[in-house]
Structure formats: C-alpha cells, structure tokens
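Notes to accompany the following structure.
The values are calculated or read from the model by the stated rules, or taken from the named source; none is laboratory data. Note that the structure is predicted; figures quoted are calculated from it, not measured. All Cβ positions, even for glycine, are placed from backbone atoms using ideal geometry, and neighbour counts span all protein chains on display.
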Amino acid sequence: MNIQSSAAEIGISVEAYKRICALFIENTDKDMLQLKSELDMNDLKKSAATAHHIKGAAANMDYEDLASLAKKLQLQLQTGTAASEELSKQYKQLFQGYQSIKEEILSQL
Amino acid sequence: MNKNSVKNSDKKKNKKINKILVVDNNPVMLEFMNEVLSSEGYTVQTVDNGVEALKICRTFTPDVIFVDLIMPYIDGRQLCALLRKQPELSESSIVLISAIAAEEPDFDFSEIADAYLAKMPFRIMKPYVLDLLQQFQKNSSEISKKIIGLDQIYHRDITKELLFSKQHIEVLLSSISDGFFELNLDLQVIYVNDAGASMLDLPREKLLTLYFPSLFPPELANRIKNIVHSLNGKEFEIGIKEPIQLGDKHVRIRFNAVSYGNYRSITVMIQDISSQKEAERIVREDLKEKELLLKEVHHRVKNNLHVIASLLSLQTSFIPDKVSRKHLTESRNRVESMALIHEQLYYAEDLSGVYLDNYLSDLIAQLVNIYDTHPAPVKTVLDIPTVQLNLSVAVPLGLIINELISNSLEHGLKNKKNGLIEISLTVKEQHCRLLIHDNGHGLPEGFIFDESESLGLLIISNLADQLNGSFELYNDNGATAVVEFSLLEEKPKLT
C-alpha cells in the first residue's frame with residue numbers, strides 16, 4: 001500500500017488521502033475495541049454489526065484481505081455456529097491484519 | 001418511475017448543480033466525498049445521520065443529496081422518503097449510496113431516489129460520482145434507473161440479515177398504537193414512529209430534530225424537562241393517577257433512559273388511554289346504577305319486613321292468651337331487628353355493610369320502646385367502635401343482640417329500678433368480643449344453658465355457630481352474655 005499512488009489512483013491530493021487514512025485508523029481503532037468488548041459479552045448480534053462496519057470501511061479503502069477477514073467473522077457471528085475459541089481466533093486474525101495495515105499507513109503519514 | 005418523479009426529473013434539465021449534501025454515518029466516506037466534490041468546485045455539506053440531514057436542509061437547499069442506506073436512527077429509505085415530502089427540496093436530486101446494492105440488485109428505488117450508486121472502493125468511485133453529477137446537470141432522463149456501479153462490487157448476501165433486523169424493528173414500532181419517540185441528550189427528537197407523529201398531529205419529517213418539550217403546553221413542557229433531567233438511568237411515568245390531556249386525548253407518558261456502551265438517549269412512550277378512561281366512566285355509571293338498584297331492593301325488603309312486623313303486631317292484639325302474645329311479640333322483634341339492617345343499608349352511602357354503632361343505637365331504642373319499661377326506665381350504655389359489618393355478620397349478630405336485650409328488658413330488669421344495660425364491643429386484629437351486661441336479677445338459680453328450652457337461647461346458640469363464634473352466659477351482678485367471633489373467617493351466605 002502506497003499512499004501517494006493510492007491518492008493518484010483515486011484522483012485526490014496526497015494530503016487529502018492522508019486525512020482519509022488517519023480517519024480510517026481513528027474509526028477502525030474504535031470499532032476494533034467495540035468488537036472485542038461485544039465478543040467478550042457474547043453479544044453475537046451487535047458484534048456481527050460491528051464486524052460488518054469494519055468490513056465496509058476496509059472495502060472502501062480497498063483493503064481486500066482485511067475486508068475478507070471481517071466478512072468471515074461476521075458470517076460466523078450471524079450463523080452463530082462457531083465456538084467461542086473459533087471466534088477468538090478469528091478476531092485475533094482480524095486484529096493482526098488490521099495492525100499490519102495500520103503500521104503501514106502510519107509509517108507513511 | 002411514477003408520474004411525479006418524471007415531472008420532477010424534467011424540471012431538472014440543464015440545471016446548475018452546485019450545492020451537495022452527503023449523509024453517511026461513516027466519517028471516512030464523508031471525508032472522501034467531501035474531498036472529491038470540493039476539489040471539483042462543489043459546495044459540500046456532510047452530516048453523519050438523517051436527523052442532522054433534515055435539520056441542515058432547513059437552511060441549506062442542496063441540488064443533490066447523497067444518502068447512505070444503512071444509518072442509525074433514520075435509515076436511508078426513510079430519510080429519502082422524508083426528504084421527498086419537503087416542498088423546498090422538490091428540485092433536489094437524491095442519490096442512494098450503499099454497499100448492500102449487491103444484495104438487492106433489483107431494488108426498486110424509483111419512489112424515493114433519482115439514482116442509486118453502489119458503494120465501491122474509493123480507488124474507483126470518484127468517476128462514478130462525478131459522472132452522475134454531470135448527468136444530473138445535463139439531462140436527468142438519461143440517468144440509469146438501475147443501480148450504478150453494481151459490477152464493481154463483489155456479490156454478497158450477508159448484510160441482508162442485519163438490514164432485516166433493523167427493518168423488522170421498524171415495522172414493529174410502526175405497528176404499535178403507542179407513540180414512541182427517541183430523544184438525544186439535547187432532548188431533540190431523533191426517532192418517532194407513525195403513532196407518535198399522529199398523536200402530536202405533526203408529520204414525522206417536521207417532528208425530527210425538534211426540541212421535544214416544545215411540542216407540549218408550557219406547564220407540561222417544564223414538567224417533562226424536569227423529569228428527563230432527573231431520570232438518572234431510571235424510568236418515570238406521568239399520568240398514572242391523573243391522565244395527561246393531550247388535545248382531545250388522555251395519555252400516560254413514560255420516560256426511559258437508554259444506555260449502551262457510549263451511546264445515551266431517552267425513549268418516550270405515549271400511551272393513549274382515552275378509551276380506557278371512557279370504559280372506566282361507563283363502569284362507574286354502571287356501578288352507580290347497580291347501587292341505586294340495590295338500595296331500592298333494601299328499601300323494599302325493609303318495607304316488606306315492616307309489613308310482616310305490623311301484621312304480627314296486629315295479630316298480637318287479637319290474642320287473649322298472654323303467653324301466645326309474648327311469643328308473637330318476640331317474633332315481631334326479630335323481624336324488626338332484620339328490617340332495621342335493611343333500613344340502615346338503604347340510607348347508607350356505602351352498601352358494603354352497616355355500621356354497628358348506628359345500628360345498635362337504633363335497635364336498642366326500638367326495643368326499649370316496644371317493651372315500654374315505664375315507670376322504671378332502663379338506662380343503656382353503649383361502647384361500640386365504628387366498625388362496618390357486612391350482611392352475613394350483621395344479620396345474625398343483630399338477631400343475637402335482639403334476643404339478649406329482649407331478655408334483659410323482659411326478664412332481667414323486670415320491675416327493677418335504675419335498670420342498666422351495658423353493651424360493648426372490642427375489635428382486636430379482626431377478632432370481635434361483644435359483651436352485654438345488665439344489672440338485673442341474673443339467671444335463675446340452677447340455670448344450665450345447654451338444658452334450657454328457651455327458643456331465644458336456641459336461636460342465639462345457632463346464630464353464634466353461624467358466625468363460627470362462641471357464646472357464653474353467666475351471672476355477674478346481673479346477667480352477662482359474651483359473643484366472640486372473627487371477622488376474618490368466611491361467613492356462610494344468608495339464605
């Protein structure tokens with residue numbers, strides 16, 4: 001992921017794209033915290049909605065891998081079939097995926 | 001597209017597009033749209049929810065409004081419908097934007113929006129947005145009636161369930177007859193169901209964002225403000241004892257503090273109890289009618305008993321035999337004592353029973369008059385609390401007292417100077433103790449209650465049983481009778 005090339009691809013200034021990236025991190029940080037809290041409370045419905053939100057934000061930013069991880073977790077939460085260990089595992093994968101993107105973005109801001 | 005929509009579209013031909021409003025709860029999307037549109041010279045306003053969108057449209061008339069489909073409070077469909085109803089926005093074009101387009105590719109949006117743009121990665125979204133605006137400016141009739149950019153997003157179908165859940169709740173709230181409101185902490189209406197709008201006689205689009213207390217008369221508005229500010233996480237209801245008058249309706253209003261994570265709001269439920277109040281009025285009138293009827297029954301029973309007593313009295317005067325006359329007089333007294341109870345009930349305000357103090361005063365006066373103790377008048381002392389007895393207790397007790405006082409007047413105090421009858425009743429934890437004492441000659445020597453052949457004593461014994469109580473008779477400087485019974489015990493119904 002390269003901020004300069006992404007900005008050019010979208011057709012906006014680098015500074016504007018940096019603002020968008022910073023907003024993405026700010027909001028996704030909150031969403032990840034909320035998701036963790038909802039999973040801890042075993043609130044499947046609310047955690048599915050939050051995972052859905054993360055997925056949408058990631059898809060807008062074109063972070064397909066992150067969007068896929070969020071989608072996978074959302075599906076598991078909606079079907080309610082996964083054991084809590086499996087959900088924890090998927091949350092961890094999502095969190096790690098997000099952290100690596102976050103680090104990449106922050107290194108370019 | 002319906003006729004109206006076509007008309008609106010025609011008006012939009014060659015229109016200058018300048019002012020844009022973007023409504024999306026995702027701040028990243030808002031920033032993206034703001035950047036893309038501002039850099040092209042458009043005047044852009046962004047808001048993150050439908051309530052704010054309605055508010056801003058009072059001072060800012062956008063040429064194009066982009067509306068996200070899934071948002072809190074008012075979702076995109078509802079917001080579009082509300083925006084469509086605003087006359088001042090009749091020239092504005094509405095564009096739905098959503099990532100769930102892939103899940104509902106055939107969604108017919110023509111009633112609520114002029115176009116539908118699939119929410120896609122920012123990387124490829126800008127040309128679609130700008131192209132759409134150019135089309136609005138150029139010739140609206142060329143704008144696709146299908147979802148634009150659908151081929152750019154992956155097919156998926158996992159949001160439907162979330163969307164269904166939200167719509168399901170919306171349908172439920174619309175179907176209830178109570179008015180339901182959600183307020184933010186500034187007490188502005190951020191949600192109202194159909195019943196709520198109808199109760200306040202204002203359309204939903206006008207109600208949203210309004211300061212809730214301002215919808216009520218000043219006194220009630222102040223009351224509402226005080227209640228909401230002191231809710232402190234609890235619920236509160238007004239109008240329980242005395243319903244609130246709201247227009248031509250009687251209502252109850254319940255306030256509830258909502259807290260979830262960092263989210264805070266207040267819900268208000270307005271319940272129309274006009275029909276309930278009307279039903280209560282009918283029941284009250286019905287009850288009043290029944291009470292009148294019951295009083296009339298007591299009146300007639302009393303009259304009939306008096307007729308019987310009069311017939312017995314008349315019969316007595318034709319009988320030469322002293323013993324027979326005595327028996328008929330006793331029978332007459334028994335009938336009179338019962339008539340007196342029905343008389344008391346006829347005059348009483350409360351038909352559930354007679355007050356023993358009033359009843360005994362009248363009964364004793366009546367007996368003293370019948371037995372005519374002149375020239376040796378009998379003094380009576382009553383110590384009776386104001387206790388109300390229902391018919392099933394009052395009738396047997398009245399008959400017992402009638403027998404005991406008749407005995408005192410006829411036998412115990414016969415020819416006795418300074419005759420005195422003391423009657424007292426003590427009630428302790430629903431246990432009653434009636435004591436009747438006279439200072440007369442007392443019981444005959446060798447008197448044994450169980451072996452007595454007196455009809456009066458037999459009646460007393462049976463009636464005490466009927467009260468599930470006990471009866472005792474002994475000498476104590478005269479004759480003393482004690483009847484004990486409980487008001488708690490189920491008494492047999494009078495037959």
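Does B:Leu420 count as in contact (Cβ under 8 Å) with a residue 12 or more places away in the chain, hydrophobic (A, V, I, L, M, F, W, C) and in contact with a strand residue (DSSP E or B) (Cβ under 7 Å, 6 or more places away or on another chain)? Talk me through it step by step, then tell me what you get.
On the way: in contact (Cβ under 8 Å) with a residue 12 or more places away in the chain: yes; hydrophobic (A, V, I, L, M, F, W, C): yes; in contact with a strand residue (DSSP E or B) (Cβ under 7 Å, 6 or more places away or on another chain): yes.
Taking the combined requirement at face value, the residue satisfies it.
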Inset, instruction - With the checklist (1) within 12 Å of another protein chain (Cβ to nearest Cβ); (2) of a type in the set (Lys, Arg); (3) surrounded by fewer than 18 Cβ atoms within 10 Å (Cβ to Cβ) in hand, flag the one item A:Lys89 doesn't pass. - result: (1)
Legend entry - A:Lys46 more than 10 Å from chain B (Cβ to nearest Cβ), of a type in the set (D, E, K, R) and assigned to a helix (DSSP H, G or I): no
Inset, instruction - Output the number of residues of the range B:420-461 satisfying the condition of being closer than 16 Å to B:Val483 by Cα and among the polar types (S, T, N, Q). - result: 4
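Return yes or no: is B:Lys234 over 28 Å from B:Leu37 (Cα atoms) and at pLDDT below 90? Walk me through how you get there before you give the answer.
Values: over 28 Å from B:Leu37 (Cα atoms): yes; at pLDDT below 90: yes.
It is true that B:Lys234 is over 28 Å from B:Leu37 (Cα atoms) and at pLDDT below 90.
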Inset, instruction - State yes or no: is A:Leu94 at pLDDT below 90 and hydrophobic (A, V, I, L, M, F, W, C)? - result: no
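Quick test for you: out of A:Leu23, A:Leu73, A:Leu39, A:Leu66, pick the one residue that is surrounded by 15 or more Cβ atoms within 10 Å (Cβ to Cβ), without any contact (Cβ under 8 Å) to a residue 60 or more places away in the chain and at the interface with chain B (Cβ under 10 Å from one of its Cβ atoms). Don't jump to the end; show me each part of the working.
Working: A:Leu73 fails: at the interface with chain B (Cβ under 10 Å from one of its Cβ atoms); A:Leu39 fails: at the interface with chain B (Cβ under 10 Å from one of its Cβ atoms); A:Leu66 fails: at the interface with chain B (Cβ under 10 Å from one of its Cβ atoms).
Of A:Leu23, A:Leu73, A:Leu39, A:Leu66, the one residue that is surrounded by 15 or more Cβ atoms within 10 Å (Cβ to Cβ), without any contact (Cβ under 8 Å) to a residue 60 or more places away in the chain and at the interface with chain B (Cβ under 10 Å from one of its Cβ atoms) is A:Leu23.
Name the single residue, out of those in the range B:9-26 being under 30 Å from A:Ile25 (Cα atoms) and at pLDDT below 90, that is nearest to the other protein chains (Cβ to nearest Cβ).
Filtering the range B:9-26 for residues under 30 Å from A:Ile25 (Cα atoms) gives B:19-26.
If we keep only those that are at pLDDT below 90 too, we end up with B:25-26.
Numbers: B:Asn25: 9, B:Asn26: 6 Å.
Here the answer is B:Asn26.
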Legend entry - Test set (1) free of Cβ contacts under 8 Å to residues at least 60 places away in the same chain; (2) surrounded by fewer than 17 Cβ atoms within 10 Å (Cβ to Cβ) - A:Asn2 fails condition number: (1)
Inset, instruction - Would you tally the residues in the range B:18-51 being without any contact (Cβ under 8 Å) to a residue 40 or more places away in the chain, within 25 Å of A:Ile54 (Cβ to Cβ) and part of a helix (DSSP H, G or I)? - result: 6
Legend entry - The listed residue being in contact (Cβ under 8 Å) with a residue 12 or more places away in the chain and in contact with a His (Cβ under 6 Å, 6 or more places away or on another chain), out of B:Thr386, B:Thr480: B:Thr480
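State yes or no: is A:Glu26 over 21 Å from B:Asp24 (Cβ atoms), out of contact with any Phe, Trp or Tyr (no Cβ under 7 Å at 6 or more places or on another chain) and part of a helix (DSSP H, G or I)? Reasoning before the result, please.
Working: over 21 Å from B:Asp24 (Cβ atoms): no; out of contact with any Phe, Trp or Tyr (no Cβ under 7 Å at 6 or more places or on another chain): yes; part of a helix (DSSP H, G or I): yes.
Spelling it out, it is not the case that A:Glu26 is over 21 Å from B:Asp24 (Cβ atoms), out of contact with any Phe, Trp or Tyr (no Cβ under 7 Å at 6 or more places or on another chain) and part of a helix (DSSP H, G or I).
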Inset, instruction - Would you mind telling me which numbered condition in (1) part of a helix (DSSP H, G or I); (2) out of contact with any Leu (no Cβ under 7 Å at 6 or more places or on another chain); (3) in contact (Cβ under 8 Å) with a residue 60 or more places away in the chain; (4) not aromatic (Phe, Trp, Tyr) B:Ser198 fails? - result: (3)
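Does the range A:53-63 contain at least one residue that is more than 10 Å from every other protein chain (Cβ to nearest Cβ) and crowded, with 22+ Cβ neighbours inside 10 Å? Show your work before the answer.
Taking the range A:53-63 and keeping what is more than 10 Å from every other protein chain (Cβ to nearest Cβ), we get A:54.
Next, only the ones that are crowded, with 22+ Cβ neighbours inside 10 Å stay: A:54.
Scanning the range A:53-63, I find at least one residue that is more than 10 Å from every other protein chain (Cβ to nearest Cβ) and crowded, with 22+ Cβ neighbours inside 10 Å, so the answer is yes.
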Inset, instruction - Go through (1) in a helix (DSSP H, G or I); (2) within 50 Å of the chain's Cα centre (by Cα); (3) among the small types (Gly, Ala, Ser) one by one and return the number of the condition B:Ser352 breaks. - result: (1)
Inset, instruction - Kindly list, by first and then second residue, each pair from a residue in the range B:242-268 that is within 18 Å of B:Ser230 (Cα to Cα) to a residue that is aromatic (Phe, Trp, Tyr) and part of a strand (DSSP E or B), limited to pairs with Cβ atoms under 6 Å and residues at least 6 apart or on different chains. - result: B:Phe255/B:Phe236; B:Val268/B:Phe181; B:Val268/B:Phe255
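Examine the range B:439-452 for a residue that is in a loop (DSSP other than H, G, I, E, B), at pLDDT below 85 and hydroxyl-bearing (Ser, Thr, Tyr), and state whether such a residue exists. Steps first, answer last, please.
Pass one, the range B:439-452, residues in a loop (DSSP other than H, G, I, E, B): B:439-448, B:452.
Remaining after also requiring at pLDDT below 85: B:444-448, B:452.
Narrowing further to those that are hydroxyl-bearing (Ser, Thr, Tyr): B:452.
So far as the range B:439-452 goes, yes, one or more of its residues are in a loop (DSSP other than H, G, I, E, B), at pLDDT below 85 and hydroxyl-bearing (Ser, Thr, Tyr).
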Inset, instruction - From (1) touching a residue at least 12 places away in the same chain (Cβ under 8 Å); (2) in a loop (DSSP other than H, G, I, E, B), pick out the condition that doesn't hold for A:Thr81. - result: (1)
Inset, instruction - Quick one: which residue in B:Leu409, B:Leu404, B:Leu458, B:Leu425 is hydrophobic (A, V, I, L, M, F, W, C) and loosely packed, with under 13 Cβ neighbours inside 10 Å? - result: B:Leu458
Inset, instruction - Of the conditions (1) of a type outside the set (A, V, I, L, M, F, W, C); (2) more than 10 Å from chain B (Cβ to nearest Cβ); (3) crowded, with 18+ Cβ neighbours inside 10 Å; (4) under 26 Å from B:Ser38 (Cβ atoms), A:Thr28 clears all except one; give me its number. - result: (2)
Inset, instruction - Can you confirm whether the range A:1-13 contains a residue that is touching a Lys or Arg at 6+ places or on another chain (Cβ under 9 Å), β-branched (Val, Ile, Thr), over 22 Å from B:Asn262 (Cα atoms) and away from chain B (no Cβ under 11 Å)? - result: yes
Inset, instruction - Give A:Leu94, A:Leu33 a once-over and let me know the one that is more than 9 Å from chain B (Cβ to nearest Cβ), in contact with a helix residue (DSSP H, G or I) (Cβ under 7 Å, 6 or more places away or on another chain), assigned to a helix (DSSP H, G or I) and more than 28 Å from B:Leu37 (Cα to Cα). - result: A:Leu94
